[in-house]
Structure formats: C-alpha cells, structure tokens
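Novice: Mind looking over this structure? Questions follow.
The values are calculated or read from the model by the stated rules, or taken from the named source; none is laboratory data. It should be emphasised that the depicted structure is a prediction, and the values quoted were computed from it without experimental measurement. Every residue, glycine among them, receives a Cβ derived from its backbone with ideal geometry; neighbour counts consider all protein chains shown.
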Amino acid sequence: MTSVQKDTLKTIVTQLYKDITEEIKELEEKTQPIAPDCSLGRLTRLDAMQEKSINESILAKARIRLKKIQFTLDKIDHEDYGLCTICEEEIPYERLCVMPESTICVTCANERDKS
C-alpha cells in the first residue's frame, strides 16, 4: 500500500469516527426512557417503545463499530495494517476504503463464512 493510499484511508477512518460518534449521540437521545405520564395513546406508546428498541439495537452495533474504528486508527500507522490476519496477504485497497476496519481479505472471509 502506498503512503498516499494510507493517508487517504486515514482521512476516511477519521471522518468515519466523527460520523459514528455523532450517530451514537443521536441514538442515545432517541433511546431515552419513555415517561409513563407522557400523554400518548396506547398504540402510539407501543410504537414509541418499539422504535426505542430498534434504536437500542442500532446503538449497540454503532458502539461496536466505533471500537473497531478506534482500533483501526491506532493500527493504521503500523506496517501490518492492511494485511489479512489469516493468510497475511494484502487486503485490497478498495475493500479498505469501504470497510477500513477489515482485518481479513475477501477470500478468507468467504472461507470463514462457509465453515
């Protein structure tokens, strides 16, 4: 991987970190408890509780991805960033642009999914 590609990836990861952090803040607001004294109808309250549950699931996934992105930010300057942890081949740059937190190549990911 060239230094220009690595710099581009660092920019992508940094922006992704900011975006996910903002998304988490918004989701935390949306997952606040629903006050029982709030004047909602029964069906509206059920809809609100269901939406809260969905947002909690999305929030949990966003927190996991944020941790992966933090790990990527810490590792991106190391020489082994971009190498598959299974076969030790270089992960394609295009894959890293889409999923910079990837630690395995597509071939190994497909093999692992088949197992």
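Novice: What are the residue pairs meeting all of these: first residue in region 1-24, first residue closer than 17 Å to residue 94 by Cα, second residue small (Gly, Ala, Ser) and outside any helix (DSSP H, G or I), Cβ atoms under 9 Å, and 6 or more apart or on different chains?
Specialist: 1/82; 5/82; 6/82; 9/82
Novice: Between residues in region 45-70 that are farther than 18 Å from residue 103 by Cβ and touching a residue at least 12 places away in the same chain (Cβ under 8 Å) and residues that are of a type in the set (Lys, Arg) and in a helix (DSSP H, G or I), which pairs lie under 6 Å by C-beta distance while being six or more apart or on different chains?
Specialist: Filtered contacts from region 45-70: 55/30.
Novice: Give all pairs with beta carbons closer than 7 Å in which a residue from region 91-111 that is of a type in the set (S, T, N, Q) meets a residue that is in a helix (DSSP H, G or I); count only pairs at least 6 apart in sequence or on separate chains.
Specialist: Within 7 Å, the pairs are 102/95; 102/96.
Novice: Still on this structure, I have one more. Identify, by number, the condition in (1) at pLDDT below 95; (2) within 30 Å of residue 1 (Cβ to Cβ); (3) in a helix (DSSP H, G or I) that residue 78 doesn't meet.
Specialist: (3)
Novice: Quick one: in region 71-90, which of the residues that are surrounded by 17 or more Cβ atoms within 10 Å (Cβ to Cβ) and either touching a residue at least 60 places away in the same chain (Cβ under 8 Å) or within 13 Å of residue 13 (Cα to Cα) (or both) is nearest to the chain's Cα centre (by Cα)?
Specialist: Checked region 71-90; the qualifying residue nearest to the chain's Cα centre (by Cα) is 72.
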